[in-house]
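Asker: This structure is in structure tokens; I'll ask about it shortly.
The values are calculated or read from the model by the stated rules, or taken from the named source; none is laboratory data. Everything numeric here is computed off the predicted structure, so don't read it as measured data. Using ideal geometry, Cβ is built from the backbone for each residue, glycine included, and neighbour counts are taken over all protein chains shown. We work out accessible area using only protein heavy atoms, side chains counted, and drop any ligands, DNA or RNA first. Shrake-Rupley method; radii C 1.70, N 1.55, O 1.52, S 1.80 Å.
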Amino acid sequence: MEKRVAIVGAGISGLLACKYAVARGFTPVVFEEQEKVGGLWNHTIESTRLQNAKATFEFSDFPWPSSIEDMFPTNFKVVEYLESYAHSFGLLPYIKFNSKVMDMDYVGESEEGMRPWEFWGATGKAFGSKGKWILKVFNSKDNSTLEYEAEFVIICIGRFSGLPDIPKFAAGFGPEIFAGKVMHSMDYSAMDNAAAADFIKGKRVVIIGSGKTAVDTAFECAMANGSDHPCTMIQRTPHWALPDAFPWGINFGYFCATRFSELMVHKPGEGLLSSLIATLLKPLRWAMSKFVESYIRWKLPLKKYGMIPKESFLDEIAACQIYMLPETFYDKVENGSIVLQKSQNLTFCEDGLIIDNANHIKADIVIFATGYKGDEKLANIFKSPTFKNYIAGSRDSTIPLYRQIIHPRIPGVAAIGYSESASNLYSIEMRCKWMAYLLDEALQLPRIKEMEKDIGMWDKYLKRYAANGKYRRACIAGLHIWYNDQLCRDIGANPRRKKGFFTEMFQPYGLPDYNGITPAAS
């Protein structure tokens, strides 16, 4: 049978998936909606910088150029780095730019025939079934729509773009009664820098949200307008934000990226010994969290502005809620350029917003930095209603993906880049290495029931360390090494990547530790 591979998206996930597929002898076709590589990094505001120190956000075989001295490079430098990667590995000829996959339909196997399957794709291998995918692709250059066929599709569309999540309001209390302008941060980020600067200049801007995008947008507005037209940032739930990567002079990685730090965390499907160790070390985990929190509270005036989070620092890491704060953010708060507000509910009025049914905030522009409907975006790419429902899962669980990559009941498809980590490039490259083994059919997946059981255990873990046990965000940051151990065992690689007990246990892990993990060319 043919073994055609299609990849949807040419961001970080798509470039890595393409690179490792090509290395295995495949000739993938990559469909990219934009006119250049980089994905989400092409739509970030001017003040955005890399969240991770560049040493932890680096391709394993393509270091940052020595000319980049910043620990946290600007968004422009990140895009240049990704473009250089694509050029250096000859990936551009495989990419069809300005090509949006409208939907994809699985043919050759009926849904009734697939239901009794004991293994994913009938055999547990990438090309084990008789089916194939038909991708409907719209080209924005010539307005044409063509169909392409592939036996395997790798979806790399991310979860933080494309489908904004905007709160709903009762009739008469929403944006329709507001005389100013309302938009989502996605639309603001899509503006070029000059247009964005002109849009907010001299305006009273309100940002709704508490994540990295909200903080960066508020900071950019403050830079443009100062205290003459302060930017108001309304948060429902404040999160821990790091002022730098060295709490009390200690590398951040020692708190969350060592095997010892993961001993303190209960794991999916853990045994009695692992559970006992995590329980006994719970006070130490609490102390480590308080240690970092004390540094943040010493560096930043959180108490003064009522911005101390309720969740612990390490629990917020486990939920991928930690971010790096712009260096002078609280200077802008102190001089009145940014006004911080907390509110559990808000409504619109003609000249602004009413928060908590009492406080009136006047505004010219309201920007929702309230995230994206990543689950719905992923489901929408499937034509089949059954597959859409499979992706949707239940309302109180994340998308059910085995190894955060494969849906057990959707054959010939992998999703790379949906699940988050403390360093997304690091986790994405590991998944693409695992994917190389799957494409090469050097890896056979377990039975569907076993995969679903594993997914259920991961879901319980995510809820255990999420706020109120209701968090739908797929995040492996609390167990990054343990997760990579699973990938290594799947492909027959040694999960112990360092030399010596103390180095293995207490040194932070990173992508260089996994160099050399790819199957030899066939």
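Asker: Note down the net charge around Lys130, summing +1 for each Lys or Arg and -1 for each Asp or Glu among other residues with Cβ under 12 Å from its Cβ.
Answerer: -2
Asker: Here's another thing I want to ask about it. Tell me the carbon and sulfur percent of the accessible area for the chain, rounded to whole percent, probe radius 1.4 Å. Don't skip to the answer; put the middle values down first.
Answerer: Numbers: 12290 of 23060 Å².
For the chain, the apolar C and S fraction of the accessible surface comes to 53 percent.
Asker: Pull out the extension gain between Asp105 and Thr74, defined as 0.36 nm times the separation in residues minus the alpha carbon to alpha carbon distance; nm, one decimal.
Answerer: Details: separation 31, 0.36 × 31 = 11.16 nm, distance 3.90 nm.
Going from the current span to full extension adds 7.3 nm.
Asker: Additional query: Which GluC sites (Glu not before Pro) in the stretch 218-286 sit in a loop by DSSP (not H, G, I, E or B) and have at most 16 other Cβ atoms within 10 Å of their own Cβ? All intermediate terms of the calculation are to be shown ahead of the outcome.
Answerer: Working: sites: Glu220, Glu262, Glu270; in loops: Glu270.
Passing sites in the stretch 218-286 are Glu270.
Asker: Efficiency by 1/(1 + (r/R0)^6): what FRET value for Leu284 and Lys499, r their Cβ-Cβ distance, R0 = 30 Å, to the nearest 0.05?
Answerer: Numbers: r = 26 Å, r/R0 = 0.86.
The calculated FRET efficiency here is 0.70.
Asker: Positive end of the dipole of the chain, charges at C-beta (+1 Lys, Arg; -1 Asp, Glu), about the Cα centre: which of Cys231, Ser140, Ile250 has its Cα farthest in that direction?
Answerer: My answer, from the dipole projection, is Ile250.
Asker: Here's a follow-up. How much accessible area per residue does the stretch 393-458 have, counting only protein heavy atoms and a probe of 1.4 Å, in square angstrom? Walk me through the numbers before you get to the answer.
Answerer: Working: 1930 Å² over 66 residues.
Roughly 29 Å² per residue, with all protein chains present.
Asker: A further question follows. For labels at Asp198 and His360 in the simple 7 Å Cα→Cβ model, what's the distance in nm?
Answerer: So the label points at Asp198 and His360 sit 3.3 nm apart.
Asker: Please calculate how many Å² of accessible area the stretch 302-362 carries per residue, with a 1.4 Å probe and no DNA, RNA or ligand atoms counted.
Answerer: On the way: 2940 Å² over 61 residues.
On a per-residue basis, the stretch 302-362 sits at 48 Å².
Asker: Could you work out [θ]222 nm for the chain from helices alone, using -39500 (n - 2.57) per DSSP H run of at least four and dividing by all its residues? Round to the nearest 500 deg cm²/dmol. Don't skip to the answer; put the middle values down first.
Answerer: Values: 18 runs with 171 residues, N = 522.
Using -39500 (n - 2.57) per qualifying helix, the result is -9500 deg cm²/dmol.
Asker: For an R0 of 51 angstrom, estimate the FRET efficiency from the Cβ-Cβ distance between Thr123 and Asp228 and round to the nearest 0.05.
Answerer: Here the calculated transfer efficiency is 0.15.
Asker: Right, here's the next one. Across the stretch 95-104, in residue order, what do the Karplus-derived ³J(HN,Hα) couplings come to in whole Hz, using 6.51 cos²θ - 1.76 cosθ + 1.60 with θ = phi - 60° and x for Gly and Pro?
Answerer: 9, 9, 7, 6, 10, 9, 6, 6, 6, 9
Asker: Moving on. At 1.4 Å probe size, with every protein chain present, just tell me what the per residue accessible area of the stretch 114-191 comes to in Å². Don't jump to the answer; show the numbers that get you there.
Answerer: Details: 3970 Å² over 78 residues.
Normalised by residue count, the accessible surface of the stretch 114-191 is 51 Å².
Asker: Roughly what would the spin-label model give for Glu149 and Trp298, points 7 Å off Cα along C-beta, in nm?
Answerer: 6.6
Asker: Sticking with this one: Rg(Cα) of the chain divided by 2.2 N^0.38 Å? List each step's numbers first, then the result.
Answerer: Values: Rg = 23.3 Å, N = 522, 2.2 N^0.38 = 23.7 Å.
It is 0.98.
Asker: Can I ask one more? Any idea what log10 I(q)/I(0) is at q = 0.19 Å⁻¹ for the stretch 298-441, Debye with uniform C-alpha scatterers and no solvent?
Answerer: Debye output, listed in q order: -1.22.
Asker: Roughly what % of DSSP beta bridges within the chain run antiparallel, to the nearest 5?
Answerer: Details: 28 of 60 bridges.
Within the chain, antiparallel bridges account for around 45 percent of the total.
Asker: If you don't mind, another one. Scan around Ser343 for amide H atoms under 5 Å from its own, H built in the peptide plane at 1.01 Å from N, and keep only partners 5 or more places away or cross-chain.
Answerer: The answer is Gln235, Arg236.
Asker: Taking the Cα centre of each part, how many Å lie between the stretch 302-357 and the stretch 86-127?
Answerer: 42
Asker: Run the numbers for Phe260 and Asp244: contour at 0.36 nm per residue of separation, minus the present Cα-Cα distance, in nm. Walk me through the numbers on the way to the answer.
Answerer: Values: separation 16, 0.36 × 16 = 5.76 nm, distance 2.26 nm.
Stretched out fully, the Phe260 to Asp244 stretch lengthens by 3.5 nm.
Asker: Can you give the FRET efficiency to the nearest 0.05 for Ser67 and Arg236, using r as the Cβ-Cβ distance and R₀ = 60 Å? Write out the running numbers ahead of the final one.
Answerer: Values: r = 41 Å, r/R0 = 0.69.
So the FRET efficiency works out to roughly 0.90.
Asker: Continuing with the same structure: Quick one: give the max-minus-min coordinate of the C-alpha atoms of the stretch 357-436 along each principal axis, largest first, in Å.
Answerer: Each principal axis gives a Cα extent; for the stretch 357-436 these are 54, 33, 21 Å.
Asker: Need the full-extension length gain, Phe138 to Asp396, defined as separation in residues times 0.36 nm minus the C-alpha distance. One decimal, nm. Please list the in-between numbers first.
Answerer: On the way: separation 258, 0.36 × 258 = 92.88 nm, distance 3.40 nm.
This chain segment gains 89.5 nm when fully extended.
Asker: In nanometres, what is the gap between the two model label sites at Phe506 and Leu276, each 7 Å from Cα along Cα-to-Cβ?
Answerer: 2.4
Asker: Something else now. If a cysteine in the chain has no other Cys Cβ under 4.7 Å from its own Cβ, put it on the list, ordered by number.
Answerer: Flagged as lacking a Cys partner: Cys18, Cys156, Cys256, Cys349, Cys432, Cys488.
Asker: For the stretch 12-85, what Kirkwood radius comes out of the mean inverse Cα-Cα distance, in Å? Numbers along the way, then the final one.
Answerer: Numbers: mean 1/r = 0.0743 Å⁻¹.
That comes to 13.5 Å for the stretch 12-85.
Asker: Taking the stretch 429-508, how much of its Cα-Cα pair set, in percent, is spaced more than 18 angstrom apart? Walk me through the numbers on the way to the answer.
Answerer: On the way: 1756 of 3160 pairs.
Distances greater than 18 Å cover 56 percent of the Cα pairs.
Asker: Please list, by residue number, everything in the stretch 69-102 whose backbone N is under 16 Å from a paramagnetic label point 7 Å out along Cα→Cβ of Thr27.
Answerer: Inside the label zone: 91-96.
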